[in-house]
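Colleague: Sharing a structure with you now.
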Amino acid sequence: MRFFVFFVGLCLIPAVAANAQTPADTEQRFKALEERIRALESELRAVKEAQAAQAAMAPAESAPPAVAASAPQTAAEQVAIGGAPAAAAKSLNPNVSVIGNFIAAAGKNSVRPVSSLEMSETEIAFQAIVDPYARADFFLSLSPEGIELEEGYLTFTSLPGGLVSKVGKMRAAFGKVNAQHNDQLPWTDRPLVTENLVAGDEGINDAGLSVSRSFEGPGGLFLEGTAQVYRGESEGLFEPNRKRELATVSHLRGYRDLSESTNLELGFSYARGYNDTGEGFTTNLYGVDATLRWKPLRRAIYNSFLWRTELVWSRRDQLPTLEKAFGLYTSAEYRLNRRWTIGGRFDRSGRADAAAMTDTGFSALLTYWPSEFSQLRGQYRFTRYAEGRDGNELRFQFLFNIGPHGAHPF
């Protein structure tokens, strides 16, 4: 830097000397030259100090990128779950929901009594997509009798030929009521035909395999066929003596729109399994179900009507003769407005092991919906049992749901 200033000064000296006229002028010009050199030195010193200041500030400004660069290292230190970072663990959890079913009863029923107050069932559901080809559904039932797996199955949705397959423990596709959980029913109980001929609350619910396929029939008719094979254990209905004594269920469902707001569904069912009355003895069930829905699109949340009926024939091998029994129920419900629904049901059924004994009943229902997550229901139930005894009961039900419970079958 000083060499540069000195060099500039040497360059200026000849010019000054060339223009010098007197010694006084020469001395004055040297003084001016010295002052100019000092000014240049000051300017150069200021530039050098500014550069040093900028160099000192540069590390402090680059510090945030250094901190940011360390963030990936911190994330990498998180625990991996199933091949994914812990931050993604929540997205791997299934949908969990809980449904409570509280029942209160007053009146008299000496044949099939129920508790006055009871948390009849608490259902916990775990549902999730396993991969692009399968879905898993598990339902645990907590009741006064204990904890059990009500259903737990894997559904394969992308099989060739439009087939849908299930494997696990599941309710059989026999009619409509058997396939429904207690919280899905429009009543506080199950019809007499279910109690007498189709294994009661549990119904046909066993470990097995299921294959179904939907296809379009003539005249815009929607058809669905289902074939199922079960281990063959349904308490009070099927009791196999050997491993090979499996139970089979088949169901054909037809659906058609009658108008913009009305549709009709018909179903035909067949079930066969071995019973406990003797080696090689079987029970055969035949069922027909019909459902009529009226639900105007513009007022669907305010007004609707549903009529449903099921007929079941039972043929049970037992000594000394074959027992043939028949049962049915027919029900109707009308939604008055967004909150209130009224309904009624008629029951009549023989008993599987004693067809001559026939039970008959009638129910009237009133349901209130505070919201889509809860409902209150009152049911008056009169039953005349084959023993000649009557049951008069007033039952109340409170259902509530927390969590993203999946949609029920249509």
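Colleague: Determine which member of the set 136, 128 is part of a strand (DSSP E or B), surrounded by 12 or more Cβ atoms within 10 Å (Cβ to Cβ), of a type in the set (A, V, I, L, M) and in contact with a Pro (Cβ under 6 Å, 6 or more places away or on another chain).
Modeller: After applying the criteria, what remains is 128.
Colleague: Residues to consider are 370, 404; find the one that is under 35 Å from the mean Cα position of the chain (by Cα) and part of a loop (DSSP other than H, G, I, E, B).
Modeller: Within the list 370, 404, the selection yields 404.
Colleague: Which numbered condition trips up residue 49, out of (1) modelled with pLDDT under 90; (2) closer than 30 Å to residue 401 by Cβ?
Modeller: Just one mismatch for residue 49, condition (2).
Colleague: Would you say residue 234 is more than 16 Å from residue 287 (Cα to Cα), hydroxyl-bearing (Ser, Thr, Tyr), more than 29 Å from the chain's Cα centre (by Cα) and modelled with pLDDT under 95?
Modeller: So residue 234 fails the test.
Colleague: Please determine, by comparing only the residues of segment 246-267 that are at pLDDT 95 or above and more than 28 Å from the chain's Cα centre (by Cα), which one is nearest to residue 194 (Cα to Cα).
Modeller: 247
Colleague: Quick check on my filter: what residues within segment 288-314 are crowded, with 16+ Cβ neighbours inside 10 Å and among the charged types (D, E, K, R)?
Modeller: 289, 293, 295, 308, 310
Colleague: Tally the residues that are among the aliphatic types (A, V, I, L, M) and not in a strand (DSSP E or B), restricting the search to segment 269-284.
Modeller: 0
Colleague: Residue by residue through segment 232-268, note down the ones that are assigned to a loop (DSSP other than H, G, I, E, B) and more than 21 Å from residue 318 (Cα to Cα).
Modeller: Correct list: 258, 259, 260, 261.
Colleague: While we're here: Could you tell me which numbered condition residue 161 fails, if it satisfies all but one of (1) modelled with pLDDT under 95; (2) on the phi < 0 side of the Ramachandran plot; (3) exposed (fewer than 14 other Cβ atoms within 10 Å of the Cβ)?
Modeller: Checking residue 161 against (1) modelled with pLDDT under 95; (2) on the phi < 0 side of the Ramachandran plot; (3) exposed (fewer than 14 other Cβ atoms within 10 Å of the Cβ), the one that fails is (2).
Colleague: Are there any pairs with C-beta distances below 9 angstrom linking a residue in segment 38-49 that is on the phi < 0 side of the Ramachandran plot to a residue that is of a type in the set (A, V, I, L, M) and surrounded by 10 or more Cβ atoms within 10 Å (Cβ to Cβ), with the two at least 6 apart or on different chains, and if so which?
Modeller: Cβ pairs passing all conditions: 40/5; 40/8; 41/1; 41/5; 44/1; 44/5; 45/1; 48/1.
Colleague: Which number in (1) closer than 29 Å to residue 222 by Cβ; (2) more than 27 Å from the chain's Cα centre (by Cα); (3) among the β-branched types (Val, Ile, Thr); (4) outside any strand (DSSP E or B) marks the one condition that residue 288 misses?
Modeller: So residue 288 meets the others, but not (4).
Colleague: Are any residues in segment 376-389 touching a residue at least 24 places away in the same chain (Cβ under 8 Å), farther than 17 Å from residue 331 by Cβ and surrounded by 13 or more Cβ atoms within 10 Å (Cβ to Cβ), and if so, which ones?
Modeller: 384, 385, 386 - these are the residues of segment 376-389 that are touching a residue at least 24 places away in the same chain (Cβ under 8 Å), farther than 17 Å from residue 331 by Cβ and surrounded by 13 or more Cβ atoms within 10 Å (Cβ to Cβ).
Colleague: Evaluate the following for residue 175: is it at positive phi and either in a loop (DSSP other than H, G, I, E, B) or surrounded by fewer than 19 Cβ atoms within 10 Å (Cβ to Cβ) (or both)?
Modeller: yes
Colleague: Let me ask you something else. For the condition part of a strand (DSSP E or B), in the same structural domain as residue 253 (by TED's automatic domain parsing) and of a type outside the set (Lys, Arg), what is the one hit in 115, 165?
Modeller: 165
Colleague: Scan 333, 310, 279 and give me the residue that is farther than 20 Å from residue 359 by Cα and touching a residue at least 60 places away in the same chain (Cβ under 8 Å).
Modeller: 333
Colleague: If you check every pair at least six apart or on different chains, which have Cβ atoms under 8 Å apart with a residue in segment 198-217 that is assigned by TED's automatic domain parsing to the domain that holds residue 251 and closer than 22 Å to residue 255 by Cβ first and a residue that is surrounded by 15 or more Cβ atoms within 10 Å (Cβ to Cβ) and of a type in the set (Asp, Glu) second?
Modeller: Close Cβ pairs satisfying both conditions: 212/224; 213/224; 214/224; 215/224.
The values are calculated or read from the model by the stated rules, or taken from the named source; none is laboratory data. Keep in mind it's a predicted model, so treat the numbers as computed, not measured. Don't worry about glycine lacking a Cβ; one is built from the backbone with ideal geometry, like all the others, and counts go over all protein chains shown.
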